[in-house]
Amino acid sequence: MFKTQVSQNQKMSIHSLNREGPLFYCEDLCVDFGELRALKNINLTIDKGEILFLTGASGAGKTTLLNVLSGIVQPTSGRLKRNEQVGKKKIFISNVFQDLRLLGKYTCEENLLFAYDSSLYDSKSEFMTDMHELARILGIKDRLHLKINLANGGLKQKVAIIRALLTRPDVLIADEPTSSLDSDNARRLFDVLNLYNTKRGTTIIWATHNKDLIKNFTGKIIHLDQGKLIYSGHACFI
Amino acid sequence: MFYLNQFFKIIVKAPIRGFFLIFFSFVFIFSMGQRPFLEEQFMKLIPENLSGDSFYTLINGQENYLKIADSMRSLPGVHKVEVLTEVQIKEEVKNIFSNLNMTNNLAQLDLNYAGLKIVFKKDLKPRAKELVRDYLTHLAGENNAILGAIKSVDSTEEKKNQMIKGIKDWGFSIFILTMVIFWFISLLLVKAKVLEAAYLLESFQRRSKIALKMAIAGLCLIFFSFSATTLVLGIPKINNLALTLVLFVIGMSFFSSKYHWESRS
(Lines give C-alpha, C1' and ligand atoms only; values in the text may rest on other atoms or scores of the structure.)
Protein backbone atom coordinates (compact mmCIF):
# COMPACT_ATOMS: atom_id res chain seq x y z
CA MET A 1 0.00 0.00 0.00
CA PHE A 2 2.65 2.50 1.03
CA LYS A 3 4.85 1.55 -1.87
CA THR A 4 2.12 2.67 -4.23
CA GLN A 5 3.05 5.84 -5.98
CA VAL A 6 0.55 8.64 -6.25
CA SER A 7 -0.78 8.40 -9.76
CA GLN A 8 -0.32 11.23 -12.20
CA ASN A 9 -4.09 11.71 -12.22
CA GLN A 10 -4.18 12.06 -8.48
CA LYS A 11 -1.45 14.70 -8.56
CA MET A 12 -3.33 16.56 -11.25
CA SER A 13 -6.53 16.41 -9.28
CA ILE A 14 -4.79 17.93 -6.27
CA HIS A 15 -3.47 20.77 -8.39
CA SER A 16 -6.72 21.31 -10.15
CA LEU A 17 -8.44 21.55 -6.80
CA ASN A 18 -5.95 24.13 -5.68
CA ARG A 19 -6.85 26.13 -8.74
CA GLU A 20 -10.52 25.66 -7.81
CA GLY A 21 -9.90 27.15 -4.37
CA PRO A 22 -9.43 25.90 -0.83
CA LEU A 23 -11.05 22.74 0.51
CA PHE A 24 -12.60 24.61 3.42
CA TYR A 25 -13.14 28.31 3.69
CA CYS A 26 -14.59 29.84 6.86
CA GLU A 27 -15.41 33.51 7.20
CA ASP A 28 -16.62 35.02 10.48
CA LEU A 29 -17.94 31.63 11.44
CA CYS A 30 -19.88 31.44 14.70
CA VAL A 31 -21.58 28.51 16.41
CA ASP A 32 -23.96 28.92 19.32
CA PHE A 33 -25.31 26.21 21.61
CA GLY A 34 -28.18 27.97 23.30
CA GLU A 35 -26.66 30.98 24.98
CA LEU A 36 -23.14 29.62 24.76
CA ARG A 37 -21.08 30.81 21.81
CA ALA A 38 -18.75 27.89 21.12
CA LEU A 39 -16.99 29.46 18.11
CA LYS A 40 -16.48 33.17 17.64
CA ASN A 41 -15.74 34.72 14.24
CA ILE A 42 -13.44 32.04 12.93
CA ASN A 43 -11.64 32.89 9.69
CA LEU A 44 -9.81 29.97 8.19
CA THR A 45 -8.81 28.33 4.93
CA ILE A 46 -7.70 24.75 4.56
CA ASP A 47 -6.19 23.57 1.29
CA LYS A 48 -6.20 20.11 -0.17
CA GLY A 49 -3.25 18.06 1.04
CA GLU A 50 -2.62 20.21 4.08
CA ILE A 51 -1.88 18.99 7.60
CA LEU A 52 -3.62 21.14 10.15
CA PHE A 53 -3.23 20.80 13.89
CA LEU A 54 -5.95 22.25 16.03
CA THR A 55 -4.84 22.99 19.57
CA GLY A 56 -6.43 24.52 22.63
CA ALA A 57 -7.57 23.67 26.10
CA SER A 58 -10.68 21.61 26.82
CA GLY A 59 -13.75 23.60 25.90
CA ALA A 60 -11.80 25.84 23.52
CA GLY A 61 -14.03 24.82 20.62
CA LYS A 62 -11.84 22.25 18.85
CA THR A 63 -14.50 19.53 18.61
CA THR A 64 -17.12 22.06 17.52
CA LEU A 65 -14.87 23.32 14.73
CA LEU A 66 -14.17 19.74 13.61
CA ASN A 67 -17.89 18.99 13.64
CA VAL A 68 -18.57 22.09 11.55
CA LEU A 69 -15.94 21.05 9.01
CA SER A 70 -17.40 17.49 8.94
CA GLY A 71 -20.88 18.87 8.38
CA ILE A 72 -22.20 17.39 11.63
CA VAL A 73 -22.86 20.84 13.13
CA GLN A 74 -24.19 23.78 11.13
CA PRO A 75 -22.76 27.24 11.79
CA THR A 76 -25.08 29.74 13.43
CA SER A 77 -23.70 32.64 11.42
CA GLY A 78 -20.83 33.43 9.09
CA ARG A 79 -19.83 31.58 5.98
CA LEU A 80 -18.53 28.08 5.46
CA LYS A 81 -17.60 26.97 1.99
CA ARG A 82 -16.74 23.35 1.53
CA ASN A 83 -15.30 22.19 -1.76
CA GLU A 84 -17.39 19.09 -2.40
CA GLN A 85 -15.57 17.80 -5.44
CA VAL A 86 -12.09 16.63 -6.29
CA GLY A 87 -12.17 16.69 -10.06
CA LYS A 88 -15.27 14.64 -10.85
CA LYS A 89 -15.14 12.75 -7.58
CA LYS A 90 -17.05 13.80 -4.48
CA ILE A 91 -14.69 14.32 -1.58
CA PHE A 92 -14.91 11.85 1.26
CA ILE A 93 -14.32 12.91 4.83
CA SER A 94 -13.46 10.29 7.38
CA ASN A 95 -13.65 10.96 11.09
CA VAL A 96 -11.88 9.65 14.14
CA PHE A 97 -14.42 10.66 16.74
CA GLN A 98 -13.46 11.53 20.28
CA ASP A 99 -15.82 8.78 21.53
CA LEU A 100 -14.34 6.48 18.83
CA ARG A 101 -17.73 5.00 17.82
CA LEU A 102 -16.81 1.35 17.82
CA LEU A 103 -19.21 -1.54 18.39
CA GLY A 104 -18.38 -3.22 21.67
CA LYS A 105 -19.67 -6.69 20.82
CA TYR A 106 -17.65 -6.81 17.60
CA THR A 107 -13.99 -7.74 17.41
CA CYS A 108 -11.39 -5.18 16.35
CA GLU A 109 -11.29 -6.76 12.89
CA GLU A 110 -15.08 -6.74 12.54
CA ASN A 111 -15.08 -3.06 13.42
CA LEU A 112 -12.44 -2.43 10.78
CA LEU A 113 -14.53 -4.26 8.19
CA PHE A 114 -17.05 -1.44 8.38
CA ALA A 115 -14.55 0.48 6.28
CA TYR A 116 -14.46 -2.11 3.50
CA ASP A 117 -15.91 -0.30 0.53
CA SER A 118 -15.72 -2.59 -2.50
CA SER A 119 -15.67 0.41 -4.83
CA LEU A 120 -12.29 1.45 -3.40
CA TYR A 121 -10.49 -1.86 -3.44
CA ASP A 122 -9.88 -4.30 -6.27
CA SER A 123 -10.64 -7.18 -3.93
CA LYS A 124 -11.29 -7.89 -0.30
CA SER A 125 -7.83 -9.39 0.03
CA GLU A 126 -6.35 -6.01 -0.96
CA PHE A 127 -8.36 -4.44 1.84
CA MET A 128 -7.24 -7.12 4.28
CA THR A 129 -3.61 -6.59 3.28
CA ASP A 130 -3.92 -2.86 3.95
CA MET A 131 -5.66 -3.55 7.23
CA HIS A 132 -3.01 -5.97 8.44
CA GLU A 133 -0.23 -3.65 7.30
CA LEU A 134 -1.65 -0.74 9.27
CA ALA A 135 -2.29 -3.01 12.25
CA ARG A 136 1.31 -4.20 12.07
CA ILE A 137 2.72 -0.67 11.94
CA LEU A 138 0.64 0.36 14.94
CA GLY A 139 1.51 -2.86 16.79
CA ILE A 140 -1.97 -4.38 17.11
CA LYS A 141 -1.88 -7.11 14.46
CA ASP A 142 -2.01 -9.90 17.04
CA ARG A 143 -4.96 -8.33 18.86
CA LEU A 144 -7.38 -7.91 15.98
CA HIS A 145 -9.49 -10.84 17.18
CA LEU A 146 -10.18 -9.15 20.55
CA LYS A 147 -13.64 -7.86 21.23
CA ILE A 148 -13.77 -4.09 21.63
CA ASN A 149 -15.44 -4.49 25.04
CA LEU A 150 -12.27 -6.22 26.23
CA ALA A 151 -9.83 -3.85 24.55
CA ASN A 152 -7.93 -1.11 26.36
CA GLY A 153 -8.20 2.57 25.43
CA GLY A 154 -5.06 2.59 23.30
CA LEU A 155 -6.15 -0.40 21.23
CA LYS A 156 -9.59 1.08 20.68
CA GLN A 157 -8.06 4.35 19.56
CA LYS A 158 -5.77 2.60 17.09
CA VAL A 159 -8.70 0.62 15.68
CA ALA A 160 -10.68 3.83 15.20
CA ILE A 161 -7.73 5.45 13.42
CA ILE A 162 -7.07 2.44 11.17
CA ARG A 163 -10.77 2.28 10.29
CA ALA A 164 -10.70 5.91 9.23
CA LEU A 165 -7.54 5.40 7.15
CA LEU A 166 -8.90 2.29 5.43
CA THR A 167 -11.63 4.40 3.88
CA ARG A 168 -8.88 6.11 1.83
CA PRO A 169 -10.36 9.49 2.67
CA ASP A 170 -9.70 12.77 0.95
CA VAL A 171 -9.91 14.44 4.34
CA LEU A 172 -9.18 12.84 7.69
CA ILE A 173 -10.62 14.65 10.68
CA ALA A 174 -9.35 13.31 13.98
CA ASP A 175 -10.46 14.51 17.39
CA GLU A 176 -7.81 13.84 20.05
CA PRO A 177 -6.80 10.53 18.48
CA THR A 178 -3.71 10.14 20.65
CA SER A 179 -5.28 10.85 24.04
CA SER A 180 -4.88 7.21 25.15
CA LEU A 181 -1.53 6.61 23.45
CA ASP A 182 1.94 6.96 24.90
CA SER A 183 4.40 9.24 23.12
CA ASP A 184 6.02 6.42 21.13
CA ASN A 185 2.72 5.18 19.79
CA ALA A 186 1.53 8.70 19.14
CA ARG A 187 4.71 9.42 17.15
CA ARG A 188 4.25 6.21 15.16
CA LEU A 189 0.73 7.25 14.37
CA PHE A 190 1.89 10.66 13.21
CA ASP A 191 4.36 8.95 10.91
CA VAL A 192 1.57 6.87 9.36
CA LEU A 193 -0.56 9.95 8.84
CA ASN A 194 2.35 11.83 7.31
CA LEU A 195 2.81 8.96 4.92
CA TYR A 196 -0.85 9.06 3.94
CA ASN A 197 -0.59 12.78 3.44
CA THR A 198 2.47 12.44 1.25
CA LYS A 199 1.45 9.38 -0.73
CA ARG A 200 -2.27 9.91 -1.11
CA GLY A 201 -2.58 13.66 -0.67
CA THR A 202 -4.96 13.17 2.26
CA THR A 203 -5.81 16.38 4.05
CA ILE A 204 -5.39 15.87 7.76
CA ILE A 205 -7.12 17.95 10.38
CA TRP A 206 -6.09 16.93 13.83
CA ALA A 207 -7.23 18.24 17.18
CA THR A 208 -4.83 17.68 20.04
CA HIS A 209 -3.64 18.93 23.41
CA ASN A 210 -0.16 17.66 22.82
CA LYS A 211 1.91 20.61 21.57
CA ASP A 212 5.22 18.88 22.30
CA LEU A 213 4.37 16.14 19.86
CA ILE A 214 3.36 18.34 16.95
CA LYS A 215 6.13 20.87 17.07
CA ASN A 216 8.43 18.51 15.21
CA PHE A 217 6.04 18.17 12.30
CA THR A 218 5.51 20.29 9.29
CA GLY A 219 2.01 21.55 9.04
CA LYS A 220 -0.21 24.41 9.96
CA ILE A 221 -1.36 24.98 13.50
CA ILE A 222 -4.41 26.76 14.70
CA HIS A 223 -4.79 27.56 18.36
CA LEU A 224 -8.21 28.19 19.81
CA ASP A 225 -9.05 29.76 23.12
CA GLN A 226 -12.62 30.07 24.36
CA GLY A 227 -13.95 29.75 20.84
CA LYS A 228 -11.60 32.33 19.33
CA LEU A 229 -8.83 31.66 16.87
CA ILE A 230 -5.81 33.23 18.48
CA TYR A 231 -2.92 31.80 16.49
CA SER A 232 -2.50 30.48 13.00
CA GLY A 233 0.91 29.52 11.67
CA HIS A 234 3.37 26.72 11.14
CA ALA A 235 3.67 24.04 13.78
CA CYS A 236 7.46 24.29 13.85
CA PHE A 237 7.23 27.83 15.24
CA ILE A 238 5.31 26.82 18.30
CA MET B 1 -26.43 -8.67 -1.75
CA PHE B 2 -24.30 -6.30 0.34
CA TYR B 3 -27.36 -5.00 2.20
CA LEU B 4 -28.83 -8.47 2.71
CA ASN B 5 -25.49 -9.71 3.97
CA GLN B 6 -25.21 -6.81 6.41
CA PHE B 7 -28.78 -7.33 7.63
CA PHE B 8 -28.20 -10.97 8.49
CA LYS B 9 -24.80 -10.18 10.03
CA ILE B 10 -26.66 -7.99 12.49
CA ILE B 11 -29.22 -10.74 13.16
CA VAL B 12 -26.34 -13.10 13.95
CA LYS B 13 -24.61 -10.52 16.15
CA ALA B 14 -27.81 -9.84 18.10
CA PRO B 15 -29.15 -13.42 18.30
CA ILE B 16 -31.97 -12.89 20.79
CA ARG B 17 -33.41 -9.90 18.95
CA GLY B 18 -32.83 -11.67 15.66
CA PHE B 19 -34.55 -14.85 16.85
CA PHE B 20 -37.61 -12.93 17.99
CA LEU B 21 -37.86 -11.09 14.68
CA ILE B 22 -37.58 -14.30 12.65
CA PHE B 23 -39.95 -16.21 14.94
CA PHE B 24 -42.67 -13.59 15.08
CA SER B 25 -42.34 -12.91 11.35
CA PHE B 26 -42.90 -16.60 10.69
CA VAL B 27 -45.90 -16.89 13.02
CA PHE B 28 -47.39 -13.65 11.72
CA ILE B 29 -47.03 -14.53 8.03
CA PHE B 30 -48.14 -18.12 8.53
CA SER B 31 -51.22 -17.23 10.54
CA MET B 32 -52.22 -14.57 8.02
CA GLY B 33 -51.57 -16.73 4.95
CA GLN B 34 -53.25 -19.83 6.32
CA ARG B 35 -55.83 -18.14 8.51
CA PRO B 36 -58.86 -20.33 7.58
CA PHE B 37 -56.98 -23.56 8.26
CA LEU B 38 -55.41 -22.38 11.51
CA GLU B 39 -58.66 -20.82 12.68
CA GLU B 40 -60.39 -24.16 12.19
CA GLN B 41 -57.71 -25.89 14.28
CA PHE B 42 -58.03 -23.17 16.88
CA MET B 43 -61.82 -23.69 17.10
CA LYS B 44 -61.31 -27.38 17.71
CA LEU B 45 -59.43 -26.53 20.90
CA ILE B 46 -62.42 -24.65 22.28
CA PRO B 47 -65.40 -26.56 23.83
CA GLU B 48 -68.03 -26.92 21.13
CA ASN B 49 -71.22 -26.54 23.19
CA LEU B 50 -72.03 -23.90 25.67
CA SER B 51 -73.84 -24.88 28.85
CA GLY B 52 -77.49 -23.93 29.35
CA ASP B 53 -80.15 -24.64 32.01
CA SER B 54 -79.71 -27.55 34.40
CA PHE B 55 -81.53 -29.72 36.93
CA TYR B 56 -80.56 -32.03 39.75
CA THR B 57 -81.80 -35.52 40.17
CA LEU B 58 -81.65 -38.07 42.96
CA ILE B 59 -81.48 -41.69 41.92
CA ASN B 60 -81.91 -44.68 44.14
CA GLY B 61 -78.47 -45.78 45.28
CA GLN B 62 -79.21 -49.32 44.25
CA GLU B 63 -79.49 -48.28 40.59
CA ASN B 64 -76.36 -48.18 38.46
CA TYR B 65 -76.23 -44.41 38.40
CA LEU B 66 -72.85 -44.27 36.63
CA LYS B 67 -74.27 -46.16 33.69
CA ILE B 68 -77.29 -43.84 33.73
CA ALA B 69 -74.92 -40.85 33.73
CA ASP B 70 -73.08 -42.25 30.69
CA SER B 71 -76.35 -42.80 28.86
CA MET B 72 -77.41 -39.25 29.62
CA ARG B 73 -74.10 -37.87 28.33
CA SER B 74 -74.74 -39.49 24.97
CA LEU B 75 -77.97 -37.52 24.50
CA PRO B 76 -77.69 -34.72 21.90
CA GLY B 77 -79.30 -32.04 24.08
CA VAL B 78 -77.11 -32.70 27.13
CA HIS B 79 -74.00 -30.52 27.54
CA LYS B 80 -72.59 -32.38 30.54
CA VAL B 81 -73.53 -34.66 33.43
CA GLU B 82 -71.93 -34.23 36.83
CA VAL B 83 -72.05 -36.98 39.45
CA LEU B 84 -72.56 -35.36 42.86
CA THR B 85 -70.60 -36.08 45.98
CA GLU B 86 -72.30 -37.31 49.16
CA VAL B 87 -72.15 -33.85 50.75
CA GLN B 88 -73.67 -32.26 47.67
CA ILE B 89 -76.43 -34.88 47.65
CA LYS B 90 -77.39 -34.27 51.27
CA GLU B 91 -77.47 -30.57 50.60
CA GLU B 92 -79.64 -31.10 47.55
CA VAL B 93 -82.00 -33.48 49.40
CA LYS B 94 -82.41 -30.94 52.17
CA ASN B 95 -83.29 -28.31 49.60
CA ILE B 96 -85.85 -30.53 47.89
CA PHE B 97 -87.50 -31.58 51.18
CA SER B 98 -87.52 -28.07 52.52
CA ASN B 99 -89.26 -26.94 49.34
CA LEU B 100 -91.86 -29.63 50.06
CA ASN B 101 -92.10 -28.63 53.77
CA MET B 102 -90.98 -32.11 54.78
CA THR B 103 -88.01 -31.18 56.94
CA ASN B 104 -89.45 -32.95 60.02
CA ASN B 105 -89.20 -36.30 58.31
CA LEU B 106 -85.68 -35.80 57.08
CA ALA B 107 -84.01 -37.80 59.85
CA GLN B 108 -86.19 -40.81 59.19
CA LEU B 109 -85.36 -40.94 55.51
CA ASP B 110 -83.03 -43.36 53.85
CA LEU B 111 -80.49 -41.15 52.08
CA ASN B 112 -78.95 -43.86 50.00
CA TYR B 113 -79.23 -41.79 46.86
CA ALA B 114 -76.89 -40.99 44.00
CA GLY B 115 -76.99 -37.47 42.66
CA LEU B 116 -76.59 -36.21 39.13
CA LYS B 117 -76.51 -32.73 37.76
CA ILE B 118 -77.73 -32.66 34.17
CA VAL B 119 -76.71 -29.56 32.23
CA PHE B 120 -78.52 -28.88 28.97
CA LYS B 121 -76.92 -27.35 25.93
CA LYS B 122 -77.46 -23.63 25.59
CA ASP B 123 -80.79 -22.52 24.11
CA LEU B 124 -82.27 -26.03 24.10
CA LYS B 125 -86.05 -25.93 23.41
CA PRO B 126 -88.41 -26.72 26.37
CA ARG B 127 -89.83 -29.70 24.53
CA ALA B 128 -86.35 -31.19 24.16
CA LYS B 129 -85.64 -30.58 27.84
CA GLU B 130 -88.80 -32.51 28.75
CA LEU B 131 -87.70 -35.36 26.50
CA VAL B 132 -84.37 -35.54 28.31
CA ARG B 133 -86.09 -35.63 31.71
CA ASP B 134 -88.50 -38.31 30.49
CA TYR B 135 -85.62 -40.38 29.23
CA LEU B 136 -83.89 -40.12 32.63
CA THR B 137 -87.07 -41.26 34.38
CA HIS B 138 -87.28 -44.10 31.92
CA LEU B 139 -83.68 -45.17 32.55
CA ALA B 140 -83.86 -45.02 36.37
CA GLY B 141 -87.44 -46.20 36.71
CA GLU B 142 -90.30 -43.96 37.65
CA ASN B 143 -90.09 -44.72 41.37
CA ASN B 144 -86.31 -44.58 41.58
CA ALA B 145 -85.68 -40.99 40.48
CA ILE B 146 -86.61 -37.66 41.95
CA LEU B 147 -86.12 -34.80 39.50
CA GLY B 148 -85.52 -31.26 40.71
CA ALA B 149 -86.87 -28.23 38.93
CA ILE B 150 -85.03 -26.82 35.90
CA LYS B 151 -82.76 -23.99 36.96
CA SER B 152 -81.73 -21.33 34.52
CA VAL B 153 -78.02 -21.08 33.81
CA ASP B 154 -76.17 -19.59 36.78
CA SER B 155 -74.06 -16.44 36.57
CA THR B 156 -70.74 -18.29 36.71
CA GLU B 157 -71.71 -20.51 33.82
CA GLU B 158 -73.12 -17.53 31.97
CA LYS B 159 -69.80 -15.69 32.33
CA LYS B 160 -67.97 -18.79 31.16
CA ASN B 161 -70.34 -19.03 28.19
CA GLN B 162 -69.73 -15.42 27.30
CA MET B 163 -66.00 -15.93 27.56
CA ILE B 164 -66.05 -18.99 25.30
CA LYS B 165 -68.26 -17.18 22.80
CA GLY B 166 -65.87 -14.22 22.90
CA ILE B 167 -62.90 -16.48 22.28
CA LYS B 168 -64.73 -18.15 19.40
CA ASP B 169 -65.66 -14.82 17.82
CA TRP B 170 -62.46 -12.87 18.45
CA GLY B 171 -59.85 -15.34 19.68
CA PHE B 172 -57.97 -15.83 16.46
CA SER B 173 -58.14 -12.15 15.51
CA ILE B 174 -56.75 -11.25 18.94
CA PHE B 175 -54.03 -13.87 18.48
CA ILE B 176 -53.02 -12.32 15.14
CA LEU B 177 -53.16 -8.82 16.58
CA THR B 178 -50.91 -9.95 19.43
CA MET B 179 -48.48 -11.45 16.91
CA VAL B 180 -48.47 -8.15 14.97
CA ILE B 181 -47.65 -6.25 18.17
CA PHE B 182 -44.87 -8.67 19.10
CA TRP B 183 -43.58 -8.55 15.54
CA PHE B 184 -43.42 -4.75 15.63
CA ILE B 185 -41.64 -4.81 19.00
CA SER B 186 -39.07 -7.32 17.71
CA LEU B 187 -38.65 -5.20 14.58
CA LEU B 188 -37.97 -2.10 16.68
CA LEU B 189 -35.41 -4.02 18.73
CA VAL B 190 -33.58 -5.08 15.57
CA LYS B 191 -34.00 -1.59 14.12
CA ALA B 192 -31.81 -0.10 16.86
CA LYS B 193 -28.97 -2.45 15.89
CA VAL B 194 -29.47 -1.93 12.16
CA LEU B 195 -29.41 1.86 12.49
CA GLU B 196 -26.25 1.67 14.59
CA ALA B 197 -24.41 -0.48 12.04
CA ALA B 198 -25.80 1.54 9.13
CA TYR B 199 -24.56 4.74 10.75
CA LEU B 200 -21.03 3.32 10.84
CA LEU B 201 -21.26 2.03 7.28
CA GLU B 202 -22.43 5.43 6.07
CA SER B 203 -19.67 7.14 8.04
CA PHE B 204 -16.95 4.93 6.63
CA GLN B 205 -18.20 3.98 3.19
CA ARG B 206 -19.38 6.01 0.26
CA ARG B 207 -22.97 4.84 0.57
CA SER B 208 -26.23 6.37 1.70
CA LYS B 209 -29.61 5.27 3.14
CA ILE B 210 -28.02 2.01 4.21
CA ALA B 211 -30.48 1.19 7.02
CA LEU B 212 -33.48 1.47 4.71
CA LYS B 213 -31.83 -0.61 2.01
CA MET B 214 -30.83 -3.24 4.56
CA ALA B 215 -34.37 -3.39 5.93
CA ILE B 216 -35.88 -3.68 2.45
CA ALA B 217 -33.50 -6.48 1.52
CA GLY B 218 -33.82 -8.39 4.81
CA LEU B 219 -37.55 -8.01 5.37
CA CYS B 220 -38.39 -8.80 1.74
CA LEU B 221 -36.41 -12.02 1.98
CA ILE B 222 -38.12 -12.94 5.26
CA PHE B 223 -41.56 -12.10 3.88
CA PHE B 224 -41.27 -13.96 0.59
CA SER B 225 -39.52 -17.02 1.97
CA PHE B 226 -42.03 -17.44 4.82
CA SER B 227 -44.92 -16.76 2.44
CA ALA B 228 -43.62 -19.61 0.32
CA THR B 229 -43.60 -21.94 3.33
CA THR B 230 -47.35 -21.37 3.82
CA LEU B 231 -47.86 -23.37 0.61
CA VAL B 232 -47.22 -26.47 2.72
CA LEU B 233 -50.80 -26.18 3.96
CA GLY B 234 -52.28 -25.30 0.58
CA ILE B 235 -52.85 -22.10 -1.36
CA PRO B 236 -52.56 -19.19 1.09
CA LYS B 237 -55.03 -16.32 1.35
CA ILE B 238 -53.55 -13.80 -1.04
CA ASN B 239 -55.52 -10.87 0.40
CA ASN B 240 -54.21 -11.62 3.88
CA LEU B 241 -50.65 -11.90 2.59
CA ALA B 242 -51.05 -8.60 0.76
CA LEU B 243 -52.14 -7.00 4.03
CA THR B 244 -49.12 -8.53 5.76
CA LEU B 245 -46.87 -7.13 3.05
CA VAL B 246 -48.35 -3.67 3.67
CA LEU B 247 -47.41 -4.01 7.36
CA PHE B 248 -43.92 -5.14 6.37
CA VAL B 249 -43.57 -2.07 4.13
CA ILE B 250 -44.69 0.13 7.03
CA GLY B 251 -42.07 -1.65 9.16
CA MET B 252 -39.40 -0.96 6.53
CA SER B 253 -40.24 2.74 6.57
CA PHE B 254 -39.18 2.89 10.24
CA PHE B 255 -35.64 2.34 9.03
CA SER B 256 -35.50 5.64 7.20
CA SER B 257 -35.20 7.57 10.45
CA LYS B 258 -32.01 9.44 11.22
CA TYR B 259 -29.68 7.91 13.76
CA HIS B 260 -27.84 9.86 16.42
CA TRP B 261 -24.89 8.10 17.92
CA GLU B 262 -25.00 8.19 21.67
CA SER B 263 -21.63 8.24 23.34
CA ARG B 264 -21.12 5.40 25.76
CA SER B 265 -18.30 4.98 28.16
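Any residue at all in the range B:253-265 that is within 30 Å of A:P169 (Cβ to Cβ), of a type in the set (F, W, Y), at pLDDT below 90 and surrounded by fewer than 17 Cβ atoms within 10 Å (Cβ to Cβ)? Yes, the conditions are met somewhere in the range B:253-265. Mind checking which residues of the range A:135-167 are part of a helix (DSSP H, G or I), surrounded by 15 or more Cβ atoms within 10 Å (Cβ to Cβ) and within 14 Å of chain B (Cβ to nearest Cβ)? Answer for the range A:135-167, where residues must be part of a helix (DSSP H, G or I), surrounded by 15 or more Cβ atoms within 10 Å (Cβ to Cβ) and within 14 Å of chain B (Cβ to nearest Cβ): A:I148, A:K156, A:V159, A:A160, A:I161, A:I162, A:R163, A:A164, A:L165, A:L166.
Listed here are the residues, each with its yes/no results for (1) surrounded by 15 or more Cβ atoms within 10 Å (Cβ to Cβ); (2) assigned to a helix (DSSP H, G or I).
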| site | (1), (2) |
| --- | --- |
| B:K117 | yes, no |
| B:R127 | no, yes |
| B:D134 | no, yes |
| B:L139 | yes, yes |
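Yes/no matrix, rows are residues, columns are (1) free of Cβ contacts under 8 Å to residues at least 40 places away in the same chain; (2) within 30 Å of A:G71 (Cα to Cα):
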| residue | (1), (2) |
| --- | --- |
| B:Q205 | yes, yes |
| B:A215 | no, yes |
| B:F224 | yes, no |
| B:I238 | yes, no |
| B:V246 | yes, no |
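The one condition from (1) under 17 Å from the mean Cα position of the chain (by Cα); (2) under 24 Å from A:M128 (Cα atoms); (3) in a helix (DSSP H, G or I) that A:I173 does not meet is (3).
Would you confirm whether or not the range B:69-83 contains a residue that is among the hydrophobic types (A, V, I, L, M, F, W, C) and surrounded by fewer than 13 Cβ atoms within 10 Å (Cβ to Cβ)? Give the derivation first.
Of the range B:69-83, the ones among the hydrophobic types (A, V, I, L, M, F, W, C) are B:69, B:72, B:75, B:78, B:81, B:83.
This time we only want the ones that are surrounded by fewer than 13 Cβ atoms within 10 Å (Cβ to Cβ), so: none.
So far as the range B:69-83 goes, no, none of its residues is among the hydrophobic types (A, V, I, L, M, F, W, C) and surrounded by fewer than 13 Cβ atoms within 10 Å (Cβ to Cβ).
Selection of the range B:1-48 for residues being of a type in the set (D, E, K, R) and more than 18 Å from B:I167 (Cα to Cα) yields B:K9, B:K13, B:R17.
The set of residues in the range B:153-203 being of a type in the set (A, V, I, L, M), surrounded by 14 or more Cβ atoms within 10 Å (Cβ to Cβ) and within 14 Å of another protein chain (Cβ to nearest Cβ) consists of B:V194, B:L195, B:A197, B:A198, B:L200, B:L201. Among the residues of the range B:1-48, the one identified as small (G, A, S), over 23 Å from B:P236 (Cα atoms) and either assigned to a helix (DSSP H, G or I) or within 17 Å of the chain's Cα centre (by Cα) (or both) is B:G18. Look at (1) part of a loop (DSSP other than H, G, I, E, B); (2) surrounded by fewer than 20 Cβ atoms within 10 Å (Cβ to Cβ); (3) in contact with a helix residue (DSSP H, G or I) (Cβ under 6 Å, 6 or more places away or on another chain) and you find that B:R206 fails only one, number (3).
The values are calculated or read from the model by the stated rules, or taken from the named source; none is laboratory data. All values reported here derive from a predicted model rather than from experimental measurement. Don't worry about glycine lacking a Cβ; one is built from the backbone with ideal geometry, like all the others, and counts go over all protein chains shown.
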